[in-house]
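Novice: Quick one: this structure, given as structure tokens, is what I'll be asking you about.
The values are calculated or read from the model by the stated rules, or taken from the named source; none is laboratory data. What you see is a predicted model, and the numbers here were worked out from it, not measured in a lab. Neighbour counts are summed over all protein chains in view; Cβ atoms, including those assigned to glycine, are modelled from backbone coordinates with ideal geometry. Only protein heavy atoms, including side chains, enter the accessible area calculation; ligands, DNA and RNA are left aside. Shrake-Rupley method; radii C 1.70, N 1.55, O 1.52, S 1.80 Å.
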Amino acid sequence: MKKIVFFFVLLVLFSSCDKELVKRPDNLIDKGMMIDVMYDMALLDALKYQDPNSLYANGINPKTYVYKKYKIDSLQFVKSNAYYAADYREYKKMYDDLNGRLKKEKASVDLIIKKEQKKSVAIKNAKVKKVQDSIKKAKKVKEVKIKKEKDSIAKAKKNLKVKK
């Protein structure tokens, strides 16, 4: 009898673990699109906190922009998000994918920024060198003029000595 009760308790326990916590919504957003939506929202939120007026000055509300872009509504997003969040392991995988994508994008942006900084430093150095070269040329021209003046003064003195 104890074995039957134990078996029945195990059967109930395993069958209850299989039950979904959140019912699957009718218009569930697929995982790939959900990651894209979360990615765009993360970027727009970061932009909103970097420069709050930039989005609103251009008439962009981040969430409504994303909803229009992916042709979804806020209720669909909330229900899909709750459904995916109910399965912790899958939701973590989604966020890991999102985080990897953001890190990859950040690395490429950082690389572009470094290249632009090197380019601007090179342009600045070229301008400084050009100015220094022009200063050197001006000094040489001035030295040549002074030398010519000295030579002409020396010739004039010789001419005066010769005439005396």
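Novice: At 7 Å along Cα-to-Cβ for each site, give me the label-to-label distance between Asn99 and Lys124 in nm.
Specialist: According to this spin-label approximation, the distance is 3.6 nm.
Novice: Stokes-Einstein D for segment 27-92 at 20 °C, 1.002 mPa s, Kirkwood Rh over Cα pairs, in µm²/s?
Specialist: Stokes-Einstein gives a translational diffusion coefficient of 169 µm²/s.
Novice: So what J values fall out for segment 109-126 if you push phi through Karplus, 6.51 cos²θ - 1.76 cosθ + 1.60 with θ = phi - 60°, rounded to Hz, Gly and Pro as x?
Specialist: Per residue, the Karplus-derived 3J(HN,Hα) values read 5, 4, 5, 4, 4, 4, 4, 5, 5, 4, 5, 5, 5, 5, 5, 5, 5, 5 Hz.
Novice: Given Lys79/Lys104; Lys23/Lys48; Lys48/Lys114; Lys23/Lys68; Lys63/Lys103; Lys68/Lys118, which pairs have Cα atoms separated by over 31 Å?
Specialist: Lys23/Lys48; Lys68/Lys118
Novice: Determine the order of Asp36, Asp30 by accessible area, beginning with the largest, at a probe radius of 1.4 Å.
Specialist: Descending order: Asp30, Asp36.
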